[in-house]
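Data block below; observations after.
The values are calculated or read from the model by the stated rules, or taken from the named source; none is laboratory data. Just so you know, these numbers come straight off a predicted model, no measurement behind them. Virtual Cβ from ideal backbone geometry, glycine too; neighbours counted across all protein chains shown.
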Amino acid sequence: MNRQRSFAPMFGVLAAVLLSACGRPFEVATPHEFVELDEQGPRYDYRATTADEVVVAVRAIDSKGRGDVAFWERALLLQLRDVSGYALLAKKDVRSADGAPGKELRFGHDQNGRPYAYRVQVFVAQDRVFVIEAGGARDAFLRYEAKLDWQATTFHARCGFFLAPVLASRTCNRW
């Protein structure tokens with residue numbers, strides 16, 4: 001009986017480590033003045049909003065190793081500009097907090113006579129495409145832009161727990 005009890009704490013630690021691996025395949029911090037939404041919706045793994053409806057969201061899409069950042073940048077550009085009617089205002093290279101290379105696209109769009117701002121960042125890591133979207137009415141979006149920039153620079157697109165290189169390799173959080 002003593003022998004079984006000695007394994008109980010070890011089992012608890014192992015369970016805690018494995019459960020910490022479950023969940024989102026990325027790490028994201030919610031900026032001050034944003035509230036993470038309980039209902040993420042079917043398309044998003046993370047969403048947060050402000051009182052004046054500036055929204056930030058993250059999607060993790062299984063790419064099965066297909067396409068690099070340039071491919072996904074082009075796909076997003078074609079969808080948003082050519083299909084959805086957004087005007088491309090700027091684009092630049094970015095890096096996640098853990099060094100994953102990415103691309104940022106900034107768009108403008110008028111809706112019912114009001115200007116809206118929309119920003120998309122895309123990273124490819126862990127056989128996934130990570131898309132960080134932020135948008136809202138232009139004036140409100142500009143008020144929160146520094147907080148959105150902070151969030152983007154703290155985003156981790158790679159495995160974050162200490163056993164990831166050993167247990168999960170490139171398939172972090174796929175348990």
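Restricting attention to segment 131-175, the residues that are over 17 Å from VAL58 (Cβ atoms), modelled with pLDDT of 80 or more and outside any helix (DSSP H, G or I) add up to 1.
When each of PHE26, PHE34 is tested for being of a type in the set (Phe, Trp, Tyr), within 16 Å of GLU133 (Cβ to Cβ), modelled with pLDDT of 85 or more and surrounded by 18 or more Cβ atoms within 10 Å (Cβ to Cβ), the lone residue that passes is PHE34. Scanning segment 41-75 for residues that are part of a strand (DSSP E or B) and over 11 Å from the mean Cα position of the chain (by Cα), we see that the one that is nearest to GLU133 (Cα to Cα) is VAL55. Checking segment 107-129 against the condition returns a match, with at least one residue being polar (S, T, N, Q) and buried (at least 20 other Cβ atoms within 10 Å of the Cβ). Just wondering, is there one or more residues in segment 87-94 that are of a type in the set (Val, Ile, Thr) and closer than 22 Å to PRO31 by Cα? Within segment 87-94 (the criterion being of a type in the set (Val, Ile, Thr) and closer than 22 Å to PRO31 by Cα), the answer is yes, since at least one residue qualifies. Among the residues of segment 130-149, those that are within 13 Å of ALA48 (Cα to Cα) and hydrophobic (A, V, I, L, M, F, W, C) comprise ILE132, ALA134, LEU148.
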